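Notes for the one structure printed next.
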Amino acid sequence: MHVNRSFSNLIGLAVLLALTACGKKQAPPAPPIPEVGVVTLEPRTVPVTIEVPGRTSAWQMAEVRARVNGIVLKREFKEGSEVKAGQRLYKIDPAPYQAEFDRANAGLAKAQANLNAVAAKAERYKPLIAAHAISQQEYDNARAEHGQAAAEVAVTKAALEAARINLGYTEVTSPISGWAGKSQVTPGAYVQASQATLLSTIQQIDPMYVDLTQSSADVLRLRREMAEGQLQMAGRNEVKVDLVLEDGSSYPFQGKLQFSDIAVDPNTGTITLRALFPNPQKALLPGMFVRARVQEGVNNRALVVPQIGITHDAKGQPTALIVAQDNKVALRTLTTMRTADDNWIVSSGLQAGDRVIVQGLQKVRLGMTVKPVAAELSPTSPAAEVAPQPAASDAADTNAE
């Protein structure tokens, strides 16, 4: 009996211990502090560029037009081919102009013969008037005839020169070297000088102009930023221009800004800029639409934030999450100036030394303690992460801090 009672007590004690152990709940382990990638802001020197639309135009362009009336006998160039200055392009029937030249030439010979005759007469009258063998009137008439004959020679010389010029216009030559466009007339067509009939167009496309348009508001903003010391002028002789073609590809040659117009177009509110680009491969053709990146100045103390680190709130204002001094997440409302590659240039809301979260945004919320590490960014990093938008009350509390 004593043994059974002891065994029963042992069993009861074991059951009691098991019930006691089941009644105690084990505390869960503390969650790990999330790790986020941050970018520590430091002032940098960033070129200030604008991207503006533009169209290409030939460096030199000449419209070949008829300068005499007549029938086109032949065309002596291939459309779309390169021609040289002075090369003959068209031949207009020269027959009537050759006849006019011959007539003027004969008229000059006649006038010259008459001049010689009256000159000899006037010369013979000189000793006669001295000997009083002829009257003064006769001598004066001889001198007048000499003067009239000399004037007639001058008139006929001018007529001959005009006839020679018109005869030369029957051979239509290229005024510049370049590429010939479509011929507007065919052999047998009648052209007129009075209507300045267009025959063809010659364009020189190496180098090539690119005419750009910039809004006057951008010009005012740029001047204001320079006056406030935020930007420095890049320098007229140093302004470089890069092109993006219609298919999105980059043009391999860099151009230079030639001038900026001083007048604003009242219809569009824009200012015209002109850049000059080398075009040795003839990749640029007149009339092409392009986009140009123009370096207008330099910001020597720019705060640059990767675009993946900036989002926008419900009001459309740019915001960023930063890691504060106590390693807690805080929200900042920003003012951005412009983009620079894959970054935003921030003018207010952040300061040098701030740690902006650019990786791990989906894991954090305001006020959370995080572990900041230097972000590893590459030019091809996708902007896949989107920062969670804080509630209105949280944003207000954070801004108040």
Go through 15, 83, 64, 68 for me and flag whichever is among the hydrophobic types (A, V, I, L, M, F, W, C), at pLDDT below 65 and more than 30 Å from residue 352 (Cα to Cα).
15
If I filter segment 68-78 for residues that are of a type in the set (S, T, N, Q), open to solvent by 40 Å² or more (accessible area, probe 1.4 Å) and touching a helix residue (DSSP H, G or I) at 6+ places or on another chain (Cβ under 7 Å), do I get at least one hit?
no
Among the residues of segment 53-103, write down those that are in a loop (DSSP other than H, G, I, E, B) and polar (S, T, N, Q).
69, 81, 87
Can you tell me which residues in segment 168-184 are under 27 Å from residue 251 (Cα atoms) and open to solvent by less than 20 Å² (accessible area, probe 1.4 Å)?
178, 180
Being modelled with pLDDT of 90 or more and over 18 Å from residue 247 (Cβ atoms) is the filter here, so list the residues in segment 276-294 that pass it.
276, 278, 280
Name the residue that is nearest to residue 295 (Cα to Cα), counting only residues in segment 40-52 that are part of a strand (DSSP E or B) and open to solvent by 50 Å² or more (accessible area, probe 1.4 Å).
49
Please identify the pairs in which a residue from segment 184-201 that is closer than 15 Å to residue 171 by Cβ has its Cβ atom under 6 Å from the Cβ atom of a residue that is open to solvent by less than 80 Å² (accessible area, probe 1.4 Å) and in a loop (DSSP other than H, G, I, E, B), counting only partners at least 6 apart or on another chain.
191/66; 191/197; 193/66; 193/68; 193/69; 199/185; 200/181; 200/183
Hey, can you tell me all the residues within segment 280-301 that are open to solvent by 40 Å² or more (accessible area, probe 1.4 Å), out of contact with any Pro (no Cβ under 6 Å at 6 or more places or on another chain) and either farther than 25 Å from residue 213 by Cα or not in a strand (DSSP E or B) (or both)?
280, 281, 282, 283, 285, 286, 287, 300
Does any residue of segment 147-167 turn out to be touching a Pro at 6+ places or on another chain (Cβ under 9 Å) and open to solvent by less than 50 Å² (accessible area, probe 1.4 Å)?
yes
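Results for (1) open to solvent by less than 60 Å² (accessible area, probe 1.4 Å); (2) closer than 19 Å to residue 66 by Cβ; (3) touching a Gly at 6+ places or on another chain (Cβ under 8 Å), shown as yes or no for each residue.
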{"position": "136", "(1), (2), (3)": "no, no, no"}
{"position": "186", "(1), (2), (3)": "no, yes, no"}
{"position": "190", "(1), (2), (3)": "no, yes, yes"}
{"position": "200", "(1), (2), (3)": "yes, yes, yes"}
Filter segment 79-102 for residues that are closer than 20 Å to residue 162 by Cα and surrounded by 14 or more Cβ atoms within 10 Å (Cβ to Cβ) and give the result.
91, 92, 93, 94, 96, 97, 98, 100, 101
Quick one: which of 239, 210, 191, 244 is at pLDDT below 90 and β-branched (Val, Ile, Thr)?
239
Scanning segment 302-335 residue by residue, those under 27 Å from the mean Cα position of the chain (by Cα) and surrounded by fewer than 17 Cβ atoms within 10 Å (Cβ to Cβ) turn out to be 307
If residue 366 satisfies every condition in (1) open to solvent by 80 Å² or more (accessible area, probe 1.4 Å); (2) assigned to a loop (DSSP other than H, G, I, E, B); (3) at pLDDT 75 or above but one, which is the exception?
(1)
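The values are calculated or read from the model by the stated rules, or taken from the named source; none is laboratory data. This one's a predicted model, so the numbers in the text were calculated from it and none came from an experiment. Note: ideal-geometry Cβ built from the backbone for every residue, glycine included; neighbour counts use all protein chains shown. Side chains are part of the model used for accessible areas, which takes the heavy atoms of the whole protein and leaves out ligands, DNA and RNA. Shrake-Rupley method; radii C 1.70, N 1.55, O 1.52, S 1.80 Å.
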